[in-house]
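Read the structure below first, then the notes.
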Amino acid sequence: FDWNATTAAEAFKSAIAADPNSGIAWMWYALVHMARGDFDEALRCSIRAQTLESALAVNKLMTTWLLYLDGRPEEALAQVRAAIRQNPQIPRAYLYASWCYDMLGRFDEALQTMQTCVALANFTAVRASLAYAYARAGHPDDARRLVQDLLDSPTHASPYWMAVAYMEIGRATS
């Protein structure tokens, strides 16, 4: 839809009109609302998707993400815990849980959860997030070692996640 949220919204409305029980259409419609900054409607659509297709843990993760972005980490944690119970092998669930714990100031839990995420998906962005979690939990030396490992690796490390890790290492040591 070439970044045209209005056209995208109309297309998803048409899809939902054609099949109001399509959880996937409702989930993507939630993303359109989120992109437009309408978190209340995005959350309503995400919950509708979850209701229609409760077997898909990804729908719970969509709701988790929306609640997290809306500054509601306790509610987001309830959603992500349900997703983890449903499918404990989804790395993104642990990533989101870690972010929620971090938002709540529960840094040790954020670190443990991020370690689980890395065990499931050892990607550079996830490892950089682990460096951030180490620094937040008061382990800046571990964070620095991990960042150095990422810099020494032949695999591309996301500049964004590296910057986030460096920022927190700086805070932890100042």
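The values are calculated or read from the model by the stated rules, or taken from the named source; none is laboratory data. For clarity, every value in this text was computed on a predicted model and none was experimentally measured. Using ideal geometry, Cβ is built from the backbone for each residue, glycine included, and neighbour counts are taken over all protein chains shown. Heads up: the accessible areas ignore ligands, DNA and RNA and are worked out on the full protein's heavy atoms, side chains in. Shrake-Rupley method; radii C 1.70, N 1.55, O 1.52, S 1.80 Å.
List of remarks:
- Rounded percent of accessible protein surface that carbon and sulfur make up, the chain, 1.4 Å probe: 55 percent
- Per-residue ³J(HN,Hα) for region 26-42, Karplus 6.51 cos²θ - 1.76 cosθ + 1.60, θ = phi - 60°, Hz, x for Gly and Pro: 5, 5, 5, 5, 4, 4, 4, 5, 4, 4, 7, x, 9, 5, 4, 6, 4
- Global geometry of region 1-66, whether rounded, prolate or oblate, following the gyration tensor of its Cα atoms and the 1.5 cut on a/c: oblate
- Mean ellipticity per residue at 222 nm, deg cm²/dmol - from DSSP H runs of n ≥ 4 across the chain, formula -39500 (n - 2.57): -25000 deg cm²/dmol
- Our summary gives region 1-113 a relative contact order of 16 percent, counting only alpha carbon pairs under 8 angstrom and 6 or more residues apart.
- For region 23-102, a crude dipole built from +1 on the beta carbon of Lys and Arg and -1 on the beta carbon of Asp and Glu, taken about the Cα centre, is about 240 debye to the nearest 20.
- Other residues within the sphere of radius under 14 Å centred on the Cβ of V126, judged by their own Cβ, net out at +1 (K and R +1, D and E -1).
- From most to least packed by mean Cβ count within 10 Å, the peptides 54-65, 124-135 give 124-135, 54-65.
- Between A119 and W3, the simple spin-label model (points 7 angstrom out along Cα→Cβ) gives 4.1 nm.
- Region 88-122 residues near the modelled D149 label - backbone nitrogen below 16 Å, point 7 Å along Cα→Cβ: 111-122
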